[in-house]
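The values are calculated or read from the model by the stated rules, or taken from the named source; none is laboratory data. Because the structure is a prediction, the values reported are computed rather than measured. A quick note on method: Cβ atoms are made from the backbone with ideal geometry, for glycine too, and the neighbour counts reach across all protein chains shown.
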Amino acid sequence: MNQVSMVTVNNKNNANVQPEGEARLRMENVNLYYGEFHAVKDISLDISSSSITAIIGPSGCGKSSLLRLFNRMNDLIPSARIEGLVEFDGVDIYQPGIDVVELRKRVGMVFQKPNPFPMSIYDNVCFGPRRHGIRNKRALDDIVEKSLIQAALWDEVKDKLDQSGLSISGGQQQRLCIARVLAVEPEVILMDEPCSALDPIATLKIEDLMRTLSASYTIVIVTHNMQQAARVSDMTAFLMVGDDRAGMLVEYGQTSEIFTNPKNKKTEDYITGRFG
Amino acid sequence: MFPFDRSNGAASGSLLSARPRWGEKIIEKVIFANGMLAIIVLLGVLFILLRQGIPALVETPIHKFLFGTAWYPVSDPPTFGILPFFVATMWVTVVSTVLAVPIGVGAAIFLAEIAPRKVADAVKPIVELLSGFPSVVMGFIGLVLLSPWIQNTLGLNTGLTGITAGIMLAMMSLPIIVSVSEDALRAVPEDFRQAAYGLGSTRWEVIWHVCVPSALSGISAAVMLGVGRAIGETMTVLMVAGGALALPELPVDPMMPMTAAIASGIGNAVQGGPQYHALFAIGLILFLLTLFVNLIAARVLERQKRKFTAG
Amino acid sequence: MEIKNIKSRYLTQRVAIVILAVSALLVIIPVIGIIIYMIANGYSSLNWEFLTASPAQAGKAGGILPAILGTVYLMLGTILFALPVGIMAGVYLSEYTRANWLTRLINMAIINLAGVPSIVFGLFGLAVFVLGLNLGMSLLAASLTLAAQALAMTITTSREAIIAVPKEYREGSLAIGVSKWQTIRHIVLPQASPGILTGAILAMSRAAGETAPIIVVGAAFLVGGLPVSPFDRFMALPYHLYTVSAHIPGMPGEIKWGVALVLIAMVLFFNMLAGIVRIKARKR
Ligand SMILES: Nc1ncnc2c1ncn2[C@@H]1O[C@H](COP(=O)(O)OP(=O)(O)OP(=O)(O)O)[C@@H](O)[C@H]1O
Ligand SMILES: [Mg+2]
């Protein structure tokens, strides 16, 4: 397990956490606006290597918005505007001259709704590597097999790789999407409520998978499901909207701490189900 | 960690030493250029019409050009007065609109409000079929079927008249009038209707006092589009309007609308000669006329769209 | 609403509905009538010779093969020029631009381009392609002219088809470090292709029936032999119909109806094809 710093809670404003180890991803006083609307307010947090960080909070508090800041998916929204510093391996990823395509290759993303491409399972997994220039059939076969094994899907689909990615079950589709991300060898995987469209058994499968993957990947997961955060994550960030409807970081720390001994009254209320 | 190769080098490249992706940059430039194409072509058309049409308006003062009633392109000196053509265009457009609007809007109301869905769905392809009829075919039908009938019924010397052309044009503008009006009616929110029914209105009263007024701007856009179509239509009027050069007094006269004047004159016009330029000047007037009508229609449609969505 | 005589209110309603139903009938009956009439009259002239022979006796006998071929070439030429640029413009409008004054201007231009009378495109083609580029009265000049006219349609249908591709697909691709253009090329365009194809087929069908522009840029009534080069003068079905029905006295009726039937069959065939593609695509 990684070294994790103690939580310092700034009651006046936001929690501000500095893990002792080097941070893979770092945010410093980040604000995000959609037009006039202030969606993410003054958030600072560090995410260390080879860990699972869960982002929890009530609906609409800005979890997805926060997550999408790490691979600049918010660039796709015309009205989005960002202030503050977001770093990946010490590089400011919003500075001019950043190769966003390269960034997203290293910081991949899995979405809430499984979104396999309307093509075969094989082509789904190969899609990234092919676009990145791998043409050799043997190499592609290897990538497909390894990614599907890593995504714990190989045994279920190895006999039907040429079937459509849309023909398999929702849970399998989501693992296919994870395999699709793994195939381009990212370093960080962002997951936005990856299990919310799945049944409990499929959910457990994905959670197991995340634990396995956390040995070699840095994973950030947004979830609505408190038990899930408690089960899989090392660190937990709790977000909530303030009076101005902007999402802010209430508390950030080791998952065990947050769930057993929250520092903030609001966190406690949320975790014990008193609101949210 | 990964047994398979990272050798294509990209994976470990720095975020900052971005490879320039030249291919992608060039493609984006090409795409941008093509994005501008609609503007370029539209301006190109305008430019050509101005450039080839203005000399005619220098030769013949514009008021004489617009209001002159004589078109003698080959006399010496030639005379270019397009009032007969303009009036002809107006006549056929008026006849077409007077016929097509009540029928088209009536049909749209029937399809959107009264007919069962199945009937409406069955009628739709037939209306679409009509919109696919080439105008030369409509001209042909007008020539061989309608004009003899008009001639006999009205006891005229010829069946090739403004009325004949107007009737064919009405048929050709029906599809657009029906479909745009129908869409406008279907966009009226169900609660409007429910509220009126709640007040004890009959179905017809709901339609007439609630639905039609709410959809009015969409319906008027449909009418404008129909008018635009009638003004710009060429083959039908060329074939059945009669082609007479005299100033038409009544719709039952043979006449030559502006589009037909261009189509029938351009083959004989000496390239770069006075008639050539005069025909381009007619084209310019047509262009501006239809531009005006279409702009209004687009405006009205835009407003109609916003009415039930943004509010 | 006052409770006036209920009976008279319902009477009004009945009368109104009858009137509306009659207007609907007035829309569809002529269409069906024309089709039936055309088949009844043109059917007899549809024979192998008519479709595969060249005209004889100044068009009063023989077949119409050169006109059919000319129209086919025109359709292909039109789409060859109008489709690629239409797709790229559609890509620009849906993927590369945001709602701003320029986009509004472009959309305005497209709407107005669609409304420009076809004869005006003919003048444009005459001045630019026939005379300006010195292509002469040729298949090529006519194709380019019709392509300029078809542009509004290919752009609009491409744009709509591309916009309809769910954004989840784009996100899924971008999120694994695939570039924007590659995402468009490998995800968006394949997904949009049925819609784009529908528009292309409709544009071709319209080009097949277009007459006024090709009168101006030089369709010919009779040409010796079949067109072989894009610089040849050409015959075309709609122009042929125009000439045989309006300009040649003593033209046998079955020739006129035959030409009309072949033309309308071609146009409607392509319209139907577009409909089928659209339905197939929706089912997916
Ligand atoms: N594209 C956008 N444009 C404008 N506002 C947006 C946009 N996306 C999100 N928002 C707003 O920003 C706020 C945060 O949204 P976000 O999707 O990040 O919340 P979330 O915590 O992920 O919610 P959920 O749990 O429901 O997914 C919400 O109020 C939302 O309405
Ligand atoms: Mg969310």
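For C:ALA175, which of the numbered conditions (1) facing chain A (nearest Cβ under 8 Å); (2) within 17 Å of A:ASN115 (Cβ to Cβ); (3) surrounded by fewer than 24 Cβ atoms within 10 Å (Cβ to Cβ) fails to hold?
(3)
Being more than 9 Å from chain B (Cβ to nearest Cβ) and more than 31 Å from the chain's Cα centre (by Cα) is the filter here; which residues of the stretch C:16-40 pass it?
Matches in the stretch C:16-40: C:VAL18 only.
For the stretch B:37-49, state whether one or more residues are touching a Gly at 6+ places or on another chain (Cβ under 6 Å) and at pLDDT 90 or above. Steps first, please.
In the first step, residues of the stretch B:37-49 are kept if they are touching a Gly at 6+ places or on another chain (Cβ under 6 Å); the result is B:49.
Still in the list and also at pLDDT 90 or above: B:49.
Yes: one or more hits.
Please give the number of the condition C:ARG104 fails out of (1) assigned to a helix (DSSP H, G or I); (2) in contact (Cβ under 8 Å) with a residue 60 or more places away in the chain.
(2)
So which pairs qualify, if the first residue must be in the stretch B:119-140 and of a type in the set (Val, Ile, Thr), the second must be not in a helix (DSSP H, G or I), the Cβ gap must be under 9 Å, and the two must be at least 6 apart or on different chains?
B:VAL123/B:ALA115; B:VAL136/C:GLU210; B:VAL136/C:THR211
Looking at (1) within 14 Å of chain C (Cβ to nearest Cβ); (2) within 16 Å of ligand 2 (Cβ to nearest atom); (3) in contact (Cβ under 8 Å) with a residue 40 or more places away in the chain, which is the one condition that is false for A:ILE55?
Only one criterion is unmet by A:ILE55, namely (1).
For the stretch B:48-55, indicate whether the set of residues that are within 8 Å of chain C (Cβ to nearest Cβ), among the β-branched types (Val, Ile, Thr), closer than 30 Å to C:VAL120 by Cβ and surrounded by fewer than 18 Cβ atoms within 10 Å (Cβ to Cβ) is non-empty.
no
When you check A:SER65 against the structure, is it among the hydroxyl-bearing types (Ser, Thr, Tyr) and either under 19 Å from A:SER196 (Cβ atoms) or at pLDDT below 90 (or both), yes or no? Break it down into steps so the answer makes sense when it comes.
Details: among the hydroxyl-bearing types (Ser, Thr, Tyr): yes; either under 19 Å from A:SER196 (Cβ atoms) or at pLDDT below 90 (or both): yes.
Taking the combined requirement at face value, the residue satisfies it.
Which numbered condition trips up A:LEU67, out of (1) away from ligand 2 (no atom under 16 Å from the Cβ); (2) within 14 Å of chain C (Cβ to nearest Cβ)?
(1)
If we keep just the residues of the stretch A:152-174 that are away from chain C (no Cβ under 14 Å) and buried (at least 20 other Cβ atoms within 10 Å of the Cβ), which is farthest from ligand 2 (Cβ to nearest atom)?
Among those residues, the one meeting the criterion is A:VAL157.
Before we move on, is A:ALA139 free of Cβ contacts under 8 Å to residues at least 12 places away in the same chain, small (Gly, Ala, Ser) and either more than 10 Å from every other protein chain (Cβ to nearest Cβ) or away from ligand 1 (no atom under 16 Å from the Cβ) (or both)?
Values: free of Cβ contacts under 8 Å to residues at least 12 places away in the same chain: yes; small (Gly, Ala, Ser): yes; either more than 10 Å from every other protein chain (Cβ to nearest Cβ) or away from ligand 1 (no atom under 16 Å from the Cβ) (or both): yes.
So A:ALA139 fits the description; yes.
Looking at the stretch C:237-284 only, could you name the residues that are surrounded by 19 or more Cβ atoms within 10 Å (Cβ to Cβ), over 17 Å from the mean Cα position of the chain (by Cα) and more than 11 Å from every other protein chain (Cβ to nearest Cβ)?
Residues satisfying the conditions are C:ILE255, C:GLY258.
Kindly provide the set of residues from the stretch A:178-221 that are within 14 Å of another protein chain (Cβ to nearest Cβ) and within 16 Å of ligand 2 (Cβ to nearest atom), ordered by number. Reasoning before the result, please.
Taking the stretch A:178-221 first, the residues within 14 Å of another protein chain (Cβ to nearest Cβ) are A:178-194, A:197, A:212-218, A:220.
Passing the criteria: A:LEU190, A:MET191, A:ASP192, A:GLU193, A:PRO194, A:ALA197, A:VAL220.
Scan C:VAL91, C:VAL85, C:VAL18 and give me the residue that is over 30 Å from C:MET137 (Cβ atoms) and at pLDDT 95 or above.
On the way: C:VAL85 fails: over 30 Å from C:MET137 (Cβ atoms); C:VAL18 fails: at pLDDT 95 or above.
Just a single option satisfies the conditions, and that option is C:VAL91.
Evaluate the stretch C:248-260: report whether one residue or more is in contact with a helix residue (DSSP H, G or I) (Cβ under 7 Å, 6 or more places away or on another chain), in contact (Cβ under 8 Å) with a residue 40 or more places away in the chain and farther than 20 Å from B:SER147 by Cβ.
The answer is yes; a qualifying residue exists.
Are any residues in the stretch C:129-153 at the interface with another protein chain (Cβ under 10 Å from one of its Cβ atoms) and either surrounded by 24 or more Cβ atoms within 10 Å (Cβ to Cβ) or of a type in the set (A, V, I, L, M, F, W, C) (or both), and if so, which ones?
Result: C:VAL130, C:LEU131, C:ALA147, C:ALA148, C:GLN149, C:LEU151, C:ALA152.
Taking the residues in the stretch A:246-269 that are β-branched (Val, Ile, Thr) and touching a strand residue (DSSP E or B) at 6+ places or on another chain (Cβ under 8 Å) as candidates, determine which candidate is nearest to ligand 2 (Cβ to nearest atom).
Initial filter on the stretch A:246-269 (β-branched (Val, Ile, Thr)): A:250, A:255, A:258, A:260, A:267.
Next, from what is left, pick out any that are touching a strand residue (DSSP E or B) at 6+ places or on another chain (Cβ under 8 Å): A:250, A:255, A:258, A:267.
Values: A:VAL250: 17, A:THR255: 20, A:ILE258: 20, A:THR267: 19 Å.
Per the stated criteria, the residue is A:VAL250.
Among what's in the stretch B:144-174 and is touching a residue at least 12 places away in the same chain (Cβ under 8 Å) and either among the basic types (Lys, Arg) or in contact with a Lys or Arg (Cβ under 9 Å, 6 or more places away or on another chain) (or both), pick the residue that is surrounded by the fewest Cβ atoms within 10 Å (Cβ to Cβ).
Per the criteria, the residue is B:MET172.
Just checking: which of the helices (runs of 4 or more DSSP H) contained wholly in the stretch B:189-293 hold 2 or more residues that are hydroxyl-bearing (Ser, Thr, Tyr) and farther than 30 Å from B:GLY44 by Cβ? Reasoning before the result, please.
On the way: elements: B:190-198, B:203-206, B:216-232, B:235-240, B:258-265.
Because the criterion is at least 2 residues that are hydroxyl-bearing (Ser, Thr, Tyr) and farther than 30 Å from B:GLY44 by Cβ, the helices (runs of 4 or more DSSP H) in the stretch B:189-293 that meet it are B:216-232.
Would you check if there is a residue in the stretch A:229-245 being surrounded by 18 or more Cβ atoms within 10 Å (Cβ to Cβ), part of a loop (DSSP other than H, G, I, E, B) and within 16 Å of ligand 2 (Cβ to nearest atom)?
No: the stretch A:229-245 contains no residue that is surrounded by 18 or more Cβ atoms within 10 Å (Cβ to Cβ), part of a loop (DSSP other than H, G, I, E, B) and within 16 Å of ligand 2 (Cβ to nearest atom).
Hey, can you tell me all the residues within the stretch A:116-136 that are over 25 Å from B:ARG21 (Cβ atoms) and crowded, with 20+ Cβ neighbours inside 10 Å? Even if it seems obvious, please write down each step before you answer.
Just the residues of the stretch A:116-136 that are over 25 Å from B:ARG21 (Cβ atoms), to begin with: A:116, A:118, A:120-122.
Correct list: A:PRO116, A:ILE121.
Quick one: in the stretch A:19-50, which of the residues that are modelled with pLDDT under 90 and under 23 Å from A:ARG106 (Cα atoms) is surrounded by the most Cβ atoms within 10 Å (Cβ to Cβ)? So that I can check it myself, show each step before the final result.
First, pick out the residues of the stretch A:19-50 that are modelled with pLDDT under 90: A:19-24, A:48-50.
If we keep only those that are under 23 Å from A:ARG106 (Cα atoms) as well, we get A:19, A:21-24, A:48-50.
On the way: A:PRO19: 21, A:GLY21: 14, A:GLU22: 11, A:ALA23: 20, A:ARG24: 24, A:SER48: 21, A:SER49: 17, A:SER50: 17.
That would be A:ARG24.
Could you tell me which numbered condition A:LYS113 fails, if it satisfies all but one of (1) buried (at least 18 other Cβ atoms within 10 Å of the Cβ); (2) within 16 Å of ligand 2 (Cβ to nearest atom); (3) not acidic (Asp, Glu)?
Of the numbered conditions (1) buried (at least 18 other Cβ atoms within 10 Å of the Cβ); (2) within 16 Å of ligand 2 (Cβ to nearest atom); (3) not acidic (Asp, Glu), the odd one out for A:LYS113 is (1).
Residues in the stretch A:186-200: is at least one farther than 20 Å from A:ILE219 by Cα and surrounded by fewer than 20 Cβ atoms within 10 Å (Cβ to Cβ)? Spell out the reasoning first.
Within the stretch A:186-200, the first condition is being farther than 20 Å from A:ILE219 by Cα, and the residues that meet it are A:199-200.
Now narrow it down to the ones that are surrounded by fewer than 20 Cβ atoms within 10 Å (Cβ to Cβ): A:199-200.
There is at least one residue in the stretch A:186-200 that is farther than 20 Å from A:ILE219 by Cα and surrounded by fewer than 20 Cβ atoms within 10 Å (Cβ to Cβ).
Looking only at the stretch A:66-88, filter to residues that are assigned to a strand (DSSP E or B) and over 16 Å from C:LYS167 (Cβ atoms); which one of those is nearest to ligand 1 (Cβ to nearest atom)?
A:ARG81
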